[in-house]
Ligand SMILES: Nc1ncnc2c1ncn2[C@@H]1O[C@H](COP(=O)(O)OP(=O)(O)O)[C@@H](O)[C@H]1O
Ligand code: SF4
Ligand SMILES: [Mg+2]
């Protein structure tokens, strides 16, 4: 793997649970992020996947410094950004930008697109001196597939997919090295999702970006990710290359998630085993002892209640050359092919990219691109 640009170690975010109005007493904690480790290599895309509430956005907010960790370290090129001085932090923040989940609420409706995309220059004027900003913003609109003449329009004049392109343009404004995309396509129509994923994919090569790409669904991240980490209740439970995770998953939770990935071929679908998890996700304020997945795991045994499984290569695979040899936090890790291999080639990236128009509409009148 290329050198790590970001190293995350033992990252925790616990929100205190308090009781009482006058004398607030802490009675517990929501362990939203509860010991996350991963590296991000320069130029790489790491997909992070897990059900709603497992702590993905909290990780994202800590990576871009919108929130401080309770404990743990986030090293950007060797420096722990959680302990930097405000001055040093400002420079780092420029290099790690976020694209938000919901393009309907994350753009200020009273600002023009030009002001939205150019806003980061107010904080970092060194990137674009005042006189050059309009041109910069128009270049960015062009880069994300929008007409540069739209610079004076307002967010409501755009479709969902176009708004997410605006969000991406804003994320690119400061020429960052890392983009943390928190479910960037979850709020969009399925037909538009692939276009936005493809845009991010092509921007990556053009601008040498590294991505942390967050999704709640394994089907979205496959084609854009080099590696994928699967999160459950505040922790990564399995991490590996896309082939390792899709074709050789060893953690029961990953296998269950994969069994729910849509399979377009009816023949393959008929032969695919669905793993239905029983029970609800436990509250992050009350995480089960031992393996946190045990209350929903069909393989759980006594050991699972007593011992926390480490995220490491399971002993059974340690001396093999099998693709199952990757980190998995399970005492009884076993390989299980869930998605038929020929299915691996299909996914949401199937429809062709056709710019900002076409199916890129979700609500409101579509503004046709001028030629
Ligand atoms: N500011 C907060 N205060 C208390 N609990 C929070 C806060 N932010 C998030 N949480 C809780 O932390 C858990 C993880 O949330 P989040 O990171 O948003 O998950 P995801 O993005 O995977 O859906 C959830 O149970 C959520 O309710
Ligand atoms: S450690 Fe036990 S409960 Fe946890 S995933 Fe493995 S088998 Fe299931
Ligand atoms: Mg989220």
Of the listed residues (47, 35, 28), the one being within 16 Å of ligand 2 (Cβ to nearest atom) and assigned to a strand (DSSP E or B) is 35
Could you check region 52-62 and list, in sequence order, the residues that are more than 15 Å from residue 35 (Cα to Cα) and more than 7 Å from ligand 1 (Cβ to nearest atom)?
61
Has region 63-76 got any residue that is part of a helix (DSSP H, G or I), more than 16 Å from ligand 1 (Cβ to nearest atom), in contact (Cβ under 8 Å) with a residue 40 or more places away in the chain and in contact with a helix residue (DSSP H, G or I) (Cβ under 9 Å, 6 or more places away or on another chain)?
no
The condition from (1) outside the structural domain of residue 157 (by TED's automatic domain parsing); (2) in contact with a strand residue (DSSP E or B) (Cβ under 6 Å, 6 or more places away or on another chain) that residue 44 misses is numbered (1)
Since residue 189 meets every condition but one in (1) away from ligand 1 (no atom under 16 Å from the Cβ); (2) crowded, with 22+ Cβ neighbours inside 10 Å, which condition does it not meet?
(2)
Among the helices (runs of 4 or more DSSP H) lying completely within region 109-178, list those that include at least 3 residues that are surrounded by 14 or more Cβ atoms within 10 Å (Cβ to Cβ).
113-118, 133-143, 160-172
Residue among 255, 175 that is outside the structural domain of residue 42 (by TED's automatic domain parsing), at pLDDT 95 or above and over 18 Å from the mean Cα position of the chain (by Cα):
255
Determine whether region 82-97 contains at least one residue that is closer than 26 Å to residue 168 by Cα, modelled with pLDDT of 95 or more and buried (at least 22 other Cβ atoms within 10 Å of the Cβ).
yes
Of all residues being closer than 29 Å to residue 177 by Cβ and crowded, with 22+ Cβ neighbours inside 10 Å in region 9-33, which is farthest from ligand 1 (Cβ to nearest atom)? Just the residue, please.
11
Of 315, 268, 285, 260, the only residue that is closer than 24 Å to residue 32 by Cα and in the same structural domain as residue 334 (by TED's automatic domain parsing) is 285
Please specify each residue of region 312-327 satisfying the condition of being surrounded by 19 or more Cβ atoms within 10 Å (Cβ to Cβ) and out of contact with any helix residue (DSSP H, G or I) (no Cβ under 6 Å at 6 or more places or on another chain).
314, 317, 327
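The values are calculated or read from the model by the stated rules, or taken from the named source; none is laboratory data. Predicted model, so just to flag it, every value in this text is computed and none were measured. Heads up, the Cβs are rebuilt from the backbone with ideal geometry, glycines too, and the neighbour counts pull from every protein chain shown.
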